[in-house]
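The values are calculated or read from the model by the stated rules, or taken from the named source; none is laboratory data. Fair warning: this is a prediction, and the values are worked out from it, not measured in the lab. Counting neighbours? That spans all protein chains shown, and the Cβs are built from the backbone with ideal geometry, glycine included.
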Amino acid sequence: MELLAPIEALSLIKKAGNYDITIYSDSRLLVDTVNKGWLKRWENNNWMRNKKEKAKNIDLLERLSDLLKIHNVKFVWVKAHAGNELNERCDFLCKQAATGNNLAEDIGYERAGEE
């Protein structure tokens, strides 16, 4: 969900490059993946994190990378469960959605060992 949320949000923006977009996330992994250049490095290395380890969630990373090439996006980390009203609201909505019915299937998901 940490990857899918910004992908879905950016996918809703129809005009490329016309906005300065800031995405706030409590996922240090997501924010660091973009801000520290890991995403670009992994993509340039055929989605390998290092010589032996393949990146996880490549289907989502590819989608995020494509969107970041057409939108001007800044990622900002916020501490989770620290009283940030909007972050707390997002957490509530995510938990509520995850326990709901008729959840969408992640078509690109591969279980460990089924690759």
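Side notes on the structure shown:
- Pairs meeting the criteria (first residue in region 18-34 and in contact (Cβ under 8 Å) with a residue 12 or more places away in the chain and surrounded by 12 or more Cβ atoms within 10 Å (Cβ to Cβ), second residue aliphatic (A, V, I, L, M) and assigned to a strand (DSSP E or B), beta carbons under 8 Å, at least 6 apart or on different chains) are Ile21/Val73; Ile23/Val73; Ile23/Val76; Tyr24/Val76; Ser25/Val76; Val31/Val76; Val34/Val73.
- Criterion: in contact with a His (Cβ under 9 Å, 6 or more places away or on another chain), of a type outside the set (Gly, Ala, Ser) and part of a loop (DSSP other than H, G, I, E, B) - qualifying residue of Ile21, Ile70, Ile13: Ile13
- For region 57-115, a residue qualifies if it is out of contact with any Asp or Glu (no Cβ under 9 Å at 6 or more places or on another chain), basic (Lys, Arg), surrounded by fewer than 14 Cβ atoms within 10 Å (Cβ to Cβ) and modelled with pLDDT of 85 or more, and exactly one does: Lys69.
- Residues of region 35-47 that are within 12 Å of Ser65 (Cβ to Cβ), in contact (Cβ under 8 Å) with a residue 24 or more places away in the chain and loosely packed, with under 15 Cβ neighbours inside 10 Å: Lys40 alone.
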